[in-house]
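Worksheet: the structure to be examined is printed underneath.
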């Protein structure tokens, strides 16, 4: 396909800082918007829980099973989804993901009982799988290691925005109850699902597969970006980085362990924070929703301000360890203090939620390349998502046995401290080559 260069491309060469800024402006708003729509479709089921019980007789146990089935097919589909994207291109595959998940999410309005509920939740997991690891792979086509954590942090703003606006938006759509004979929850599924289908057209039109396909870059600029990234990938991954077996090396497994602990925290907070806040006092549903949004505002601030500082392997590791310990400290404060200080503790913890997540994915990206990178990022995310399944389950069991949800937060804080110690051992690919001569020198000296 012939690339027609945009009138935006100037006649004079642009420096790397200007080009990086341009890539952020052109790419990140599209990706962030896609992730906002993704998380709205993923979490709106919680708002419909009571109504599904009243209107369709879907019990709490059936609801819990259906909610979990999404994660099952989501995790199983991530690796093949990323491998397909590596072959067919990001523009087509991300647009395809958005169309299918939007249609299936909208189809939730036509659930008739438990069986149709289970089937649609399974299909939604398959349809949505691949967006997050797909974007992690896509960012490696554009940004070097110095800028990638910053780009990932911006992308994760989608989770913050979705959690900030999801509750009020869903509640407003529920007010359409009775319009044209539909229930409020049916309107919510349709009106939050279909925008993903329409936005897929924007992605198809505006999102280039890679720099060489971007009409707003000159041919020379695109070639320079791709050559630099190829050299960087070769330096980090070495000769073995193309093999999918590299995903089972100790460093990748260690990154998975840290990410698993991180996801335990994220989904525990997502599913239990509103219930914890509702016990602070006589609060209305709107007040609970507003207070619940505060930690996510803090998370947005952290995602914008901090990942850009992770410009070297040593600094990345320091920020990762500090971030995990800060998350643990915040949850510890939340578990031991009164309502006001407790909410402050959640905010302290949330500041580092997506700082940590943006840095974790630097480690597999620095050791893998080609198809192994595509499959490896999907594999890391799939394993991490198990934390999203395990965390709320364990949290619920602890709350049921002790009668206090904060006891579960103490356990999660301890898990984060252990993850911080594990993170001390993480190394990016290029660090291996730097440390090997140093180790040999020490042995010779000894």
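Quick note: the coordinates plus some simple rules give every number you see, no bench work behind them. What you see is a predicted model, and the numbers here were worked out from it, not measured in a lab. Note that we place each Cβ from the backbone using ideal geometry, even for glycine, and neighbour counts take in every protein chain shown.
Extending 7 Å from Cα along the Cβ direction at residue 110 and again at residue 17 yields two label points whose distance is 5.5 nm.
Between 292, 249, 265, find the one with the highest GNM mean-square fluctuation for the chain; connect C-alpha pairs within less than 10 Å. Checking each option, the largest mean-square fluctuation is seen for 249. Mind pulling the angle between the C-alpha long axis of helix 114-128 and the longest principal axis of the chain? Nearest 10 degrees, somewhere in 0 to 90. That works out to roughly 20 degrees. Per residue of the chain, the DSSP helices (runs of n ≥ 4 H) give a summed -39500 (n - 2.57) that works out to -27000 deg cm²/dmol at 222 nm. If you wrap the tightest convex hull around every Cα atom of the range 110-233 and split its volume per residue, you get 134 Å³. Using a Gaussian network model of the chain in which every pair of alpha carbons under 10 angstrom is joined by a spring, one finds that among 105, 81, 393 the greatest mean-square fluctuation is at 393. When the alpha carbon gyration tensor of the range 9-121 is reduced to an equivalent ellipsoid, the three semi-axes, largest first, read 39, 16, 11 Å.
List the pair-distance distribution P(r) of the chain, using every Cα-Cα distance, as the percent of pairs falling in each 20 Å bin from 0 up to the bin containing the longest distance, rounded to whole percents. The distribution over the chain is 25, 56, 18, 1, 0, given as percents. Pairs of Cα atoms nearer than 8 Å and 6+ residues apart set the relative contact order; for the range 94-135 it is 57 percent. Taking the Cα atoms only, what angle lies between the long axis of helix 405-423 and the longest principal axis of the chain, rounded to 10 degrees? Result, in degrees: 10. Taking the chain as a Gaussian network of alpha-carbon nodes connected by springs under 10 Å, the highest mean-square fluctuation of the residues 304, 270, 348 belongs to 270.
Overall, the ratio between the Cα radius of gyration of the range 230-373 and 2.2 N^0.38 Å, rounded to two decimals, is 1.26. Put a dot 7 Å past the Cα of residue 182, heading toward its Cβ, do the same for residue 30, and the two dots end up 2.9 nm apart.
The packing ranking, built from the mean of other Cβ atoms within 10 Å per residue, places the peptides 333-345, 380-392 in the order 380-392, 333-345, highest first. Computed packing ranks the peptides 256-262, 114-120 as 256-262, 114-120, most packed first, by mean other Cβ atoms within 10 Å.
The angle separating the long axis of helix 60-88 from the principal Cα axis of greatest extent in the chain is about 20 degrees. Across the chain, C-alpha contacts under 8 Å between residues 6 or more apart give a mean separation that, scaled by the residue count, equals a relative contact order of 23 percent.
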